Amino acid sequence: MILFILKRVLYTLPITFAVSIVCFLLVHLAPGDPVSAFLPPQASAEVIAAVTHELGLDRPLPIQFLHWLSRVVVGDFGVSIANGRDVFDEVIGAFSNSLILASVAIPLAVAFGFALGAISGYCRGTLVDRISTVVAIGGVSVPHYWLAIVLVIIFAVENNILPAMGAGPGDSRAWSWDWEHLRFAVLPAVSMAVVPMSIIARTVKAVVAEVLSQEFVRALRAKGIGSFRVFIHVVKNAAPTSIAVVGVQVGYLLGGSILIETVFSWPGAGYLLNIAIFQRDLPILQGTILVLAMFFVFTNLLVDVLQAAIDPRVRRY
């Protein structure tokens with residue numbers, strides 16, 4: 001098991017390097033001039049050239065990348081072009097807010113998605129299966145930002161049950177796990193959880209249906225084992241394959257959502273990324289995209305380890 005983990009960790013190193021290259025190039029290949037974005041329109045060409053040189057944007061791209069990567073490795077993400085703040089502090093602060101939101105959305109998506117898919121796959125052809133299928137297809141089909149707006153209209157505007165904006169009372173940055181703060185996370189967490197929940201449900205349903213067709217299930221039933229115990233055996237055998245999809249969706253929730261966080265003005269990574277795009281703030285864009293990508297890389301690493309722990313057959317690959 002230790003050898004398997006070491007191999008997977010080594011595999012992530014070239015992936016991480018490739019991700020850093022993609023993050024750097026995507027931002028620089030996008031149209032627009034980051035210097036002109038925050039300088040006044042009347043700024044002279046000399047001022048623009050001086051600021052460009054100071055930021056190192058006049059150097060060749062390979063030199064810029066190596067200089068940026070050498071600083072990122074030691075945790076120096078640079079300084080925001082728009083506000084002069086430390087990028088690392090800005091990104092970590094935003095991601096901590098996204099993690100708070102994900103801590104509410106992940107249990108909802110995984111618990112309801114897995115339960116919905118397992119019951120639907122086990123009860124194929126029944127009314128429960130049809131209802132579960134409709135719910136899963138509807139969850140995947142409905143745009144999550146549209147659902148967020150509908151939830152705001154119903155629960156915030158019309159009935160004033162839950163708040164529609166912010167991350168705490170009085171726009172407080174000090175988060176506390178009490179109802180006064182959690183009520184601000186309910187609507188965005190539900191909006192974020194619907195799509196991953198539906199994807200997990202459909203995947204788990206397909207895996208459970210496949211497991212049900214295997215010989216050992218028929219053998220269990222022939223021995224007279226009860227339906228509930230058979231269901232537990234089926235779920236256990238479906239878990240390793242399902243975990244891969246669950247891990248990807250958890251990574252999506254951990255990374256936050258630009259549209260959801262923008263709709264609810266939740267100060268997370270997606271909201272920060274949205275602001276950085278409009279301000280053409282390259283250091284913030286690079287730092288946020290890199291950290292978000294790393295979430296997916298290490299989430300996949302964790303999923304591989306969990307799969308190997310649950311199913312020893314995975315360790316042979």
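Condition first: assigned to a helix (DSSP H, G or I) and at pLDDT below 75. Can you find one or more residues in the stretch 60-79 that meet it?
Start the filter on the stretch 60-79 by keeping residues that are assigned to a helix (DSSP H, G or I), which leaves 61-72.
From what's left, at pLDDT below 75: none.
No.
Please tell me if Ser198 is polar (S, T, N, Q), surrounded by 17 or more Cβ atoms within 10 Å (Cβ to Cβ) and either free of Cβ contacts under 8 Å to residues at least 12 places away in the same chain or in contact with a helix residue (DSSP H, G or I) (Cβ under 8 Å, 6 or more places away or on another chain) (or both). Outline the logic, then answer.
On the way: polar (S, T, N, Q): yes; surrounded by 17 or more Cβ atoms within 10 Å (Cβ to Cβ): yes; either free of Cβ contacts under 8 Å to residues at least 12 places away in the same chain or in contact with a helix residue (DSSP H, G or I) (Cβ under 8 Å, 6 or more places away or on another chain) (or both): yes.
The answer is yes for Ser198.
Considering only the stretch 111-132, state which residues are more than 12 Å from Val208 (Cβ to Cβ) and buried (at least 17 other Cβ atoms within 10 Å of the Cβ). Spell out how you get there, then give the answer.
So the first thing to find is which residues in the stretch 111-132 are more than 12 Å from Val208 (Cβ to Cβ), and the list is 111-113, 125-128, 130-131.
Selection gives Phe112, Gly113.
With the checklist (1) surrounded by 15 or more Cβ atoms within 10 Å (Cβ to Cβ); (2) part of a helix (DSSP H, G or I) in hand, flag the one item Arg221 doesn't pass.
(1)
Please indicate, with yes or no, whether at least one residue in the stretch 80-89 is at pLDDT 85 or above and aliphatic (A, V, I, L, M).
Looking through the stretch 80-89, at least one residue is at pLDDT 85 or above and aliphatic (A, V, I, L, M).
Of all residues in the stretch 224-267 being assigned to a loop (DSSP other than H, G, I, E, B) and crowded, with 17+ Cβ neighbours inside 10 Å, which is nearest to the chain's Cα centre (by Cα)?
Taking the stretch 224-267 as the starting set, the residues that turn out to be assigned to a loop (DSSP other than H, G, I, E, B) are 224-226, 255-257, 264-267.
Those still in the list that are crowded, with 17+ Cβ neighbours inside 10 Å too: 255-257, 264, 266-267.
Numbers: Gly255: 3, Gly256: 5, Ser257: 7, Phe264: 17, Trp266: 15, Pro267: 15 Å.
Checked the stretch 224-267; the qualifying residue nearest to the chain's Cα centre (by Cα) is Gly255.
Could you count how many residues in the stretch 153-190 are over 22 Å from the mean Cα position of the chain (by Cα), in a helix (DSSP H, G or I) and of a type outside the set (Gly, Ala, Ser)?
9
Residues Ile106, Ile100, Ile81: which one is touching a residue at least 24 places away in the same chain (Cβ under 8 Å) and touching a Pro at 6+ places or on another chain (Cβ under 8 Å)?
Values: Ile106 fails: touching a Pro at 6+ places or on another chain (Cβ under 8 Å); Ile100 fails: touching a Pro at 6+ places or on another chain (Cβ under 8 Å).
Just a single option satisfies the conditions, and that option is Ile81.
Check whether at least one residue in the stretch 106-113 is at pLDDT 85 or above, assigned to a helix (DSSP H, G or I) and under 17 Å from Ser265 (Cβ atoms), and report yes or no.
Here is the first cut: in the stretch 106-113, the residues at pLDDT 85 or above are 106-113.
Filter once more, so that each one left must be assigned to a helix (DSSP H, G or I): 106-113.
Filter again for under 17 Å from Ser265 (Cβ atoms), leaving none.
Within the stretch 106-113, not a single residue is at pLDDT 85 or above, assigned to a helix (DSSP H, G or I) and under 17 Å from Ser265 (Cβ atoms).
Which members of the stretch 216-258 meet the condition of being more than 15 Å from Ala105 (Cα to Cα) and touching a residue at least 60 places away in the same chain (Cβ under 8 Å)?
Those that are more than 15 Å from Ala105 (Cα to Cα) and touching a residue at least 60 places away in the same chain (Cβ under 8 Å): Phe231, Val234, Val235, Ala238, Ala239, Pro240, Ser242, Ile243, Ala244.
The values are calculated or read from the model by the stated rules, or taken from the named source; none is laboratory data. Quick caveat: nothing in here was measured; it's all calculated off a predicted structure. Heads up, the Cβs are rebuilt from the backbone with ideal geometry, glycines too, and the neighbour counts pull from every protein chain shown.
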